[in-house]
Every structure is written in structure tokens, then in C-alpha cells.
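Beneath this line is the structure, given in C-alpha cells, with notes to follow.
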Amino acid sequence: MRTVHPMPDQSAVTPLRQPLVTVDKLTVDMPLGRSGSSVRIVDGVDFSIGVGERVALVGESGSGKSLTARALMRLDRLARLSGRVDFDGTDLLKLSDRDMGRLRGSSIAMVFQDPMSFLDPLMTIGDQVAETLRIRGVGKAEARKRALAVLDELGVDRAAERLDAYPHEFSGGMRQRVVLAMALVGEPRLLIADEPTTALDVRVQDQVLDLLDDVSARRGLAVLFITHDLGVVAGFAERVMVMYSGRIVEDGEVASVFAKPSHPYTQGLIKAVPRIDQDLNTLYAIPGAPPPPLARPNGCPFHPRCDQRFERCDKDLPALLQVGLSRVACHLHDGQQHDRHPHDRKGA
Amino acid sequence: MLMSIDSIAKSYNAFPNPPAKVLHDVTLKVDTGEAIGLVGESGSGKSTIAKCMLALIRPEAGAITYDGIDVIHAKGEDLRRFRREVQMVFQDPYGSLNPRMTVEELIGEGLLIHKLEPTAAARRARVAEMMEMVGLNPNDMDRYTRSFSGGQRQRIAIARALVIRPRILVCDEPVAALDVSVQAQVINLLQDMQRKLNLAIVFVAHDLAVVRHLCERIVVLHKGKVVEQGTREQIFDNPQMPYTQSLLAAVPVPDPVVGRARRAARRLETAN
Ligand SMILES: Nc1ncnc2c1ncn2[C@@H]1O[C@H](COP(=O)(O)OP(=O)(O)OP(=O)(O)O)[C@@H](O)[C@H]1O
Ligand SMILES: Nc1ncnc2c1ncn2[C@@H]1O[C@H](COP(=O)(O)OP(=O)(O)OP(=O)(O)O)[C@@H](O)[C@H]1O
Ligand code: SF4
Ligand SMILES: [Mg+2]
Ligand SMILES: [Mg+2]
């Protein structure tokens, strides 16, 4: 089933399309209280997203998904970033704050989980959607016209009337559409969606996904979709990247990763999902918890929880290597000879 | 029967508009040790029911009884017992934890309020035990919640509710913000608690796969009314109402082939 593939540039799975964003050895350090020291949350992440590609970023809570995404937009003032974020030929980490500000919304936009916290309750929907454009010097009438067009595109019915409505007059799903409209009105080429459907009920979630599907296809919009819902990943994304303890541990086509996950962590994640079409007495749960960023274990950060670990695992950090069409960071897949002596914790 | 909710109605003021009625004649029962799921689309009234069950808001009609206590009118010792034995875990792991309190203070607060552990050392030990149980590191006891991720905060909230050993735990979307592996642990934990402590769980969630897994009985709400209720098998294997059927059809399946096919089929259906 594996097709022969020329070994591509090893920094990333080459998307079959032209890359839009290429992230290279990105690290994010956050300050630790008042002490002046800092902690490395995102620990050298490489990936790229093609033009119009839909990529999901999944992983344990606290693994650094949001900080990675926010780093692409330089949203955290306190974060110290290193590495490269190449967007269409420009290194975003080298831009001045002003240029970066201009790029937000017009090249990269972001939507968050909670639409209400993003909306100003005292401002009309029309003004809020238009604001992104107004900041960039678009005239009032023109901004309103484009706000209307995008609300229309996103299926807000009677959009013209509702331009003058306030957020509280909208349901949760409609608010999420408004937030999406705010993100899309500047015609970005990459949309980062950080758990945009987590707070929505299934039917609304489904509508929002359909909407994202349509918009991304119609506009050739690339989407980086952060979620912990593997059901959403399966239905929406083309590629999935799995993050653990500040690193990407697996990256591949959705179909092949779900059919045959390579990394033990990915295997555990997929096994742990309760399914509507399956009965189980006890859910499989990966034992233990991810390590805090200040106390990452030596070797593979997953080794204390891994049921397939062997000798090298607590010594050497596995690199993210090309394995077939995917990339995997696990010694089981690094092509080196190894005697497998699984340390079974129950000693069997 | 541990708790019974009889024909409650609830409206919210919507000044200058007339009050909006969001619950109509809702009746449901909770038995000792059972896990019951409240499902329905956003705005259907799930959280409103949960808040009524916790006596955080008052229905304007109907009755709520908990183990002999008239919840709507309870005072004094009755109210104190009710507040101890019926605990909650909220939807929003960010809003529900005081950022000025350490993890130990947050989790131990109930023990202090209800005078359940006499000494600070005993409280600390209980807090540590609880933290381990919900998958937190007891070494983090002295930290503030600010720097915790969403999932970690929700585990703190659950530890906080369970530490005083309630008889009913009302959970409003408690795992919505958790990633799958922790979600599985938390659900297993809830299930475990349910069995070990004979804890009743009222579980509000929009993730029907999770509800199916955890809850023996399901109540389906639509626009403030109970449209269908039954056992897990009745609701999931043989739903009677079209509304329930449409909810089930929208559940994403973690399988790219099945998931895509289901979504494509549904879109065709809605397009026609
Ligand atoms: N401002 C901050 N200062 C210090 N540490 C932070 C800060 N923000 C986040 N962290 C820490 O960084 C780690 C990664 O956080 P991040 O929000 O990126 O996680 P995530 O993968 O998005 O998790 P979740 O699924 O819970 O949203 C966590 O351990 C968190 O506690
Ligand atoms: N404090 C309030 N004032 C006015 N209206 C309210 C208030 N709280 C809820 N409502 C309205 O009552 C209805 C039911 O809300 P409720 O929060 O119970 O729904 P829910 O089923 O929990 O939805 P979700 O899945 O979005 O959490 C909604 O129409 C909501 O807008
Ligand atoms: S490197 Fe070793 S410990 Fe890490 S995931 Fe692979 S087998 Fe498990
Ligand atoms: Mg996050
Ligand atoms: Mg609710």
C-alpha cells in the first residue's frame, strides 16, 4: 500500500502543493513568574502547510498547540521565539511589530474557542466585522459592503438586517459565524482555528465544519485546525500533526495515520476515543500524564507512559524522521537495529 | 430515588421583551448511583436544568426534591447538607477557578467549608490524594491555576468537587475542553467514582459518544422540553424522535472513511 516516494526535504512532509507556511525549528520560551528564567514550551517544531491545505494539530492538553499557533501570529508578547516561520517568502519572526500587525488578519487570521469572549457586546456585528478592514484604512462604506458579503458567504441569513444587531441577539453557532467572518473579511490565506467548535453542539459544529470546508475550497484558504476531537480531524482535515510535550511526534495523511498510526502515542489517542458506533466497558486511557515542560524526562518524552518502550527510549531523544509518507519521532521507526526489550511495567 | 424534578418551568427576563420561557414542564428523576445524560442542541436548556438541580437558580413552577429536602425552599442544616452532597463541575475551566487561590486552596476549600478534615496536614494529604486520582501532580499543589492548560484546570475543578465525597455530581460539559487521552481518564474516573462511591452523575454534554459511554439513562431536550428519555440502548440503538435521530447523525466518527461518508450523506440530505 505504500507508494515509492523520493526522499523529500527532510524538514517537513512535502505537501503536494506549494508550501504557504514553513516552520523551521520553532521554539517558544515562556517566562517563569518573576524569576527572570523561562521554560521551553515549544521545543523545536518543524512543519509546513501547503496553499489551501487543511491540517489538524492534535495532542494532549498543555502540549503546546495553542502556543505554537499563537507563535505563528506572534500573539504572546511575553513569549520568546526562535527559529523561522516562513510565510510566502517572509520570515515572520523577523518582521517589525508594525508589519506583523498589518499581516494579521490580511495574511493569517485566527479564530478561538469562545466566540463570546472575542466579540464586543456593545458593538454591532457589522461594525465588528468591518473593523478589521477599517484598521487597514478601508473606507467606511466599502468595509460595510465587504462585511455584508462575507456574512452572506458564511450563511448568516438576512445578513443585511443583522449588520446592526448586537452579539447577544445571536445564537452560539451564529456568533461563531460572526467570528469567522471577522477572521475572513481580510481575505487571509491561512486561517488558524484554535478549537473553534469545541463549545458548540454537534449539529452546529457540523455546520461550522461544512462552512470551513466550503470556504477553504472556494478561496483556496489553508486551515490549521487545532482540536482534540479526532472525529473532527477524521471528517475535516487532509493531514494531521500530533504534538506531545512541545514536539511533533507524528505527521501524515489523515487516512493513513488513522488506519495505521505509527507512534505509540498516536495509537493510544486513537484507541482512547469513545465512539458512537461502538460499545466498550472501560475506555482505553493512556496511563499517566504528560510531563510538565520543566520536568521533561530524558530520552523520548513519552517513554514513562509508553507500553512499547525499549532500551534506547529513556536515553536518546527520537528525531522526527520520514517514514514512508509520514514523519514519526519514535525509535521503533528510526530504521536502526535494535533489540527490543520492552520494559513491561507489570513485569509479564 | 435520590432526586426528583417535577414539572419545572423557568423563564429568563429579557427586558424590554417579555420573559423568555426556556424550560417547559421538565420532569426527571435521578436514582442513587446512576449516571444520567442530558443532551440536546445548544440553547435547549441543559445548563438551566443543571443550575436548577444545584439550586443556583429557582424554577418558577414545579418542585425539586433531594433525599427528602425541598430544594427550592431549603434553609439551614437542610441547605447545608444539600450543598455538601450535591456538587458540580462547570463547563468553563477558565471562569470557575479563582486565580488568586493555589491549587491546594482550591481543592481543599470544600473540606474547610464543610469542616471535613480537622487539620491542615490532613487536608493537605486529602488534596494530594485527590490530585493523583485525577491525574495531576501533587507537587503542583502550591501553584496558581494561571499557568495550567485548559485540561489541567478542568481536572482541578473535578478534584475540587469530588474531594468532599458528594452523592450527586452535576457535570456541565466537564470534558468538553479535555483532550482525548485525559478525557478517557476523566470519564473512567467518573465511572469509577460512580461505582465505588455509589455516586449519581448528571452529565450534560454535547458529545454523544461520551454520553453513550458513561450514562445508563439519557434525557433528550429540545427547546426546553424533554422530547425523549430512555435507557442507553433505547436512545442510541432505537431512537424514536426525528430530533434525536438528527442529533445522533451529526456525531463525528473518528474514522476518515466512515466520518467523511457520513458527512457527505448528511449534506446531500440537507441539500435536497
Ligand atoms: N503565559 C504562559 N506562561 C507560562 N506558561 C504558559 C503560558 N501559557 C501557557 N503556558 C504553558 O504552556 C504549556 C502549553 O500551553 P498551550 O496553551 O499551548 O497548550 P495546548 O496544547 O493548547 O493545550 P490545551 O489543549 O489545553 O489548549 C502548558 O503547560 C501551559 O501551562
Ligand atoms: N441568564 C440568562 N438570561 C437570559 N437568557 C438566558 C440566560 N441563561 C440562558 N438563557 C437562555 O436560555 C436558553 C437555554 O439556555 P441553556 O444555557 O440552558 O442552554 P444549554 O442547553 O445549556 O446550551 P449550551 O449547549 O449552549 O450550553 C437559551 O436560549 C439561552 O439563551
Ligand atoms: S521512542 Fe520508545 S518510548 Fe518513545 S514512543 Fe517510541 S517506543 Fe515509545
Ligand atoms: Mg490550547
Ligand atoms: Mg450549557
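The values are calculated or read from the model by the stated rules, or taken from the named source; none is laboratory data. Model, not experiment: these values are computed from the prediction. Heads up, the Cβs are rebuilt from the backbone with ideal geometry, glycines too, and the neighbour counts pull from every protein chain shown. Protein only, heavy atoms only, side chains kept; ligands, DNA and RNA dropped before computing areas. Shrake-Rupley method; radii C 1.70, N 1.55, O 1.52, S 1.80 Å.
Structure above, values below:
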{"item": "Residue in region B:153-171 that is assigned by TED's automatic domain parsing to the domain that holds B:K196, buried (at least 22 other Cβ atoms within 10 Å of the Cβ) and farther than 19 Å from B:L111 by Cβ present", "result": "yes"}
{"item": "Subset of region B:163-178 [out of contact with any strand residue (DSSP E or B) (no Cβ under 7 Å at 6 or more places or on another chain) and either within 16 Å of ligand 1 (Cβ to nearest atom) or within 21 Å of B:M1 (Cα to Cα) (or both)]", "result": "B:R165, B:V175, B:A176, B:A177, B:L178"}
{"item": "One residue from B:A250, B:A184, B:A205 being closer than 22 Å to A:D194 by Cα, open to solvent by less than 20 Å² (accessible area, probe 1.4 Å) and touching a Cys at 6+ places or on another chain (Cβ under 9 Å)", "result": "B:A205"}
{"item": "Residues (touching a Gly at 6+ places or on another chain (Cβ under 7 Å) and open to solvent by 10 Å² or more (accessible area, probe 1.4 Å)) located in region A:158-171", "result": "A:D164, A:S171"}
{"item": "Test: residue in region A:49-58 that is assigned to a loop (DSSP other than H, G, I, E, B), more than 13 Å from chain B (Cβ to nearest Cβ) and not acidic (D, E)", "result": "yes"}
{"item": "B:N13, sole failed condition from (1) within 12 Å of ligand 2 (Cβ to nearest atom); (2) under 17 Å from B:F203 (Cα atoms)", "result": "(2)"}
{"item": "Region B:205-261, residues that are outside any helix (DSSP H, G or I), modelled with pLDDT under 90 and assigned by TED's automatic domain parsing to the domain that holds B:G43", "result": "B:A205, B:H206, B:D207"}
{"item": "So A:E195, is it more than 16 Å from ligand 4 (Cβ to nearest atom) and closer than 28 Å to A:Y265 by Cα", "result": "no"}
{"item": "Conditions (1) in the same structural domain as A:G89 (by TED's automatic domain parsing); (2) over 30 Å from B:L268 (Cβ atoms): number failed by A:G220", "result": "(2)"}
{"item": "Tally, over region B:118-136, of residues that are at pLDDT 90 or above and more than 20 Å from the chain's Cα centre (by Cα)", "result": "11"}
{"item": "Near pairs, Cβ below 6 angstrom, 6+ apart or cross-chain, from region B:32-50 (farther than 16 Å from B:L214 by Cβ) to any residue that is near ligand 5 (Cβ under 8 Å from one of its atoms)", "result": "B:G40/B:K46; B:S47/B:D172"}
{"item": "Residue that is farther than 18 Å from B:V26 by Cβ, in contact (Cβ under 8 Å) with a residue 24 or more places away in the chain and open to solvent by 70 Å² or more (accessible area, probe 1.4 Å), where the choices are B:N238, B:N198", "result": "B:N198"}
{"item": "Flag if A:G62 is touching a residue at least 40 places away in the same chain (Cβ under 8 Å), open to solvent by 40 Å² or more (accessible area, probe 1.4 Å), under 23 Å from A:D229 (Cβ atoms) and in a loop (DSSP other than H, G, I, E, B)", "result": "yes"}
{"item": "Flag for B:M193 being surrounded by fewer than 17 Cβ atoms within 10 Å (Cβ to Cβ) and more than 9 Å from chain A (Cβ to nearest Cβ)", "result": "no"}
{"item": "Of the criteria (1) surrounded by fewer than 20 Cβ atoms within 10 Å (Cβ to Cβ); (2) closer than 18 Å to A:Q278 by Cβ; (3) more than 9 Å from every other protein chain (Cβ to nearest Cβ); (4) not hydroxyl-bearing (S, T, Y), which one B:C215 fails", "result": "(1)"}
{"item": "Close pairs (6 angstrom Cβ cut-off, 6 or more residues apart or separate chains): away from chain A (no Cβ under 11 Å) in region B:128-141, outside any helix (DSSP H, G or I) and β-branched (V, I, T) anywhere", "result": "B:M130/B:V163"}
{"item": "Residue ranges of helices (runs of 4 or more DSSP H) in region A:210-305 with at least 3 members open to solvent by 10 Å² or more (accessible area, probe 1.4 Å)", "result": "A:254-259, A:264-272"}
{"item": "Among (1) assigned to a strand (DSSP E or B); (2) closer than 30 Å to A:M30 by Cβ - the single one B:R155 does not satisfy", "result": "(1)"}
{"item": "Qualifying residues in region A:293-314 (those that are more than 10 Å from ligand 3 (Cβ to nearest atom) and out of contact with any Ser or Thr (no Cβ under 9 Å at 6 or more places or on another chain)) - the one nearest to A:V42 (Cα to Cα)", "result": "A:L294"}
{"item": "The lone exception for A:D97 - which of (1) in the same structural domain as A:P167 (by TED's automatic domain parsing); (2) surrounded by fewer than 13 Cβ atoms within 10 Å (Cβ to Cβ) it fails", "result": "(1)"}
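Residues are listed down the side, and each one gets a yes or a no for (1) within 30 Å of A:D24 (Cα to Cα); (2) modelled with pLDDT under 90:
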site	(1), (2)
A:Q113	yes, yes
A:D127	no, no
A:G137	no, yes
A:R144	no, no
A:Y166	no, no
A:V178	no, yes
